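The values are calculated or read from the model by the stated rules, or taken from the named source; none is laboratory data. What you are looking at is a predicted structure, and each value in this text was computed from that prediction instead of being measured. Cβ sites come from the backbone with ideal geometry, for glycine too, and all protein chains shown count toward neighbours. SASA here: full protein model, heavy atoms, side chains in, ligands and nucleic acids out. Shrake-Rupley method; radii C 1.70, N 1.55, O 1.52, S 1.80 Å.
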Amino acid sequence: MIPEYEVYALRYAEHKNRSRNENFISHDEHDNSDMPLDFYCWLIRHENTLLMVDTGFNRELAVKRNRHYYGSPESLLQKLDVDANRIEKVIVTHMHYDHIGNLKAFPNATLYMQEKELHYCTGRHMLHRYVRAPYDPENIANAVYRLHEGKVRYVGRHEEILPGINTQLVGGHTAGLQIVTVNTARGKIVLASDSAHYWHHVDASTPFPIVMDIPDMLAAHNTMKQLVSDLTCIIPGHDPQVRTLFPRFKGEENIVQLHLPPEGEIRAR
């Protein structure tokens with residue numbers, strides 16, 4: 001029998017001073033309305049199984065990148081009675097600073113990632129300042145060290161990590177971006193990561209400005225829609241609505257339960 005996992009979104013930071021025209025390639029250049037961006041990583045849990053999707057970033061990177069920091073992902077895990085040292089598997093959706101910028105907090109974890117993502121962020125494309133801007137060299141080096149410690153597993157285009165937890169390569173945002181599907185009590189959900197920063201990206205099939213391949217990003221939107229029957233089962237990587245749509249864990253404003261039914265509807269952007 002396939003387990004029904006609990007899935008928690010952990011909001012650890014925020015980009016507060018961000019406007020709408022920064023979040024879409026096709027936009028009204030005069031629309032400077034506020035559209036803040038949340039930073040999440042995700043915990044998947046069932047009985048004795050613990051798995052992280054991405055690691056977030058640390059306070060030092062928050063200062064460097066001028067992001068408002070609410071608290072480390074490992075401190076949020078403690079509120080769920082989870083010690084980061086117990087995490088033995090981390091699915092890396094991609095290698096941008098906000099998704100693998102806290103790797104040292106998970107010293108015992110093996111990374112499950114796409115080989116082409118590590119090739120991409122250590123290869124010739126990084127000669128371009130614009131392309132390498134969302135990457136942090138120290139954290140890429142940390143992943144390379146983990147590789148040489150035998151703690152990296154390269155996964156295929158479609159891979160079962162555990163029964164009911166699967167990864168799928170979609171690309172678009174980066175060369176090796178992968179999404180994660182998880183079986184829960186409310187059915188299959190998709191952790192979209194940066195294949196869609198906001199629900200509006202999926203709903204309107206419009207791309208985010210940081211993109212390697214626009215057609216692949218748009219194809220990823222279609223792929224996710226085909227995987228689930230309800231848009232609320234696609235969890236965008238940075239949408240503040242995630243925190244208002246799903247129930248909080250014991251009233252914690254920065255921890256919400258994605259395995260439970262939503263408590264409202266997605267607002268149009």
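Residues are listed down the side, and each one gets a yes or a no for (1) of a type in the set (Phe, Trp, Tyr); (2) in contact with a strand residue (DSSP E or B) (Cβ under 9 Å, 6 or more places away or on another chain); (3) modelled with pLDDT under 95; (4) open to solvent by less than 20 Å² (accessible area, probe 1.4 Å):
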position	(1), (2), (3), (4)
Ser193	no, yes, no, yes
Asp230	no, yes, yes, no
Ile235	no, yes, no, yes
His238	no, yes, no, yes
Gln257	no, yes, no, no
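Scanning the range 193-220 for residues that are of a type in the set (Phe, Trp, Tyr) and closer than 16 Å to Pro134 by Cβ yields one hit, Phe208. Scanning the range 103-150 for residues that are among the small types (Gly, Ala, Ser), open to solvent by 40 Å² or more (accessible area, probe 1.4 Å) and under 18 Å from Val53 (Cα atoms) returns no hits.
Any chance the range 55-77 includes a residue that's under 16 Å from His173 (Cβ atoms), at pLDDT 95 or above and touching a helix residue (DSSP H, G or I) at 6+ places or on another chain (Cβ under 8 Å)? So that I can check it myself, show each step before the final result.
First, pick out the residues of the range 55-77 that are under 16 Å from His173 (Cβ atoms): none.
No - not one qualifying residue is present in the range 55-77.
Here the range 85-101 is the region considered, the condition is being open to solvent by 10 Å² or more (accessible area, probe 1.4 Å) and free of Cβ contacts under 8 Å to residues at least 60 places away in the same chain, and the residue that is nearest to the chain's Cα centre (by Cα) is Tyr97. Test Thr181 against the stated conditions and say whether it is open to solvent by less than 10 Å² (accessible area, probe 1.4 Å) and of a type outside the set (Asp, Glu). It is false that Thr181 is open to solvent by less than 10 Å² (accessible area, probe 1.4 Å) and of a type outside the set (Asp, Glu).
Looking only at the range 88-116, which residues are of a type in the set (Val, Ile, Thr) and in contact with a strand residue (DSSP E or B) (Cβ under 7 Å, 6 or more places away or on another chain)?
The first filter runs over the range 88-116 and keeps only residues of a type in the set (Val, Ile, Thr), leaving 90-93, 100, 110.
Residues satisfying the conditions are Val90, Ile91, Val92, Thr93, Thr110.
Residue check: Ala268 meets all listed conditions (1) over 18 Å from the mean Cα position of the chain (by Cα); (2) within 30 Å of Lys79 (Cα to Cα); (3) part of a loop (DSSP other than H, G, I, E, B) but one, namely (2).
Here Ile2 meets each of (1) aliphatic (A, V, I, L, M); (2) under 19 Å from Val190 (Cβ atoms); (3) surrounded by fewer than 17 Cβ atoms within 10 Å (Cβ to Cβ); (4) at pLDDT 95 or above with one exception, condition (4).
Where residues in the range 154-184 are assigned to a strand (DSSP E or B) and under 14 Å from the mean Cα position of the chain (by Cα), which of them is farthest from His259 (Cα to Cα)?
Applying the filter and picking the extreme gives Leu169.
Consider only pairs whose beta carbons are under 8 Å apart and that are at least six residues apart or on different chains; among these, list those whose first residue lies in the range 252-267 and is in contact (Cβ under 8 Å) with a residue 60 or more places away in the chain and whose second residue is open to solvent by 60 Å² or more (accessible area, probe 1.4 Å) and part of a loop (DSSP other than H, G, I, E, B). Short answer, once both residue conditions are applied: Asn254/Tyr70; His259/Glu4; His259/Ala185; Leu260/Ala185.
For the range 62-107, residues that are outside any helix (DSSP H, G or I) and of a type in the set (Lys, Arg) total 3.
Restricting attention to the range 20-27, does a residue exist that is in contact with a Phe, Trp or Tyr (Cβ under 9 Å, 6 or more places away or on another chain), surrounded by fewer than 14 Cβ atoms within 10 Å (Cβ to Cβ) and not aliphatic (A, V, I, L, M)? Checked against the condition, which is being in contact with a Phe, Trp or Tyr (Cβ under 9 Å, 6 or more places away or on another chain), surrounded by fewer than 14 Cβ atoms within 10 Å (Cβ to Cβ) and not aliphatic (A, V, I, L, M), the range 20-27 yields no hits at all.
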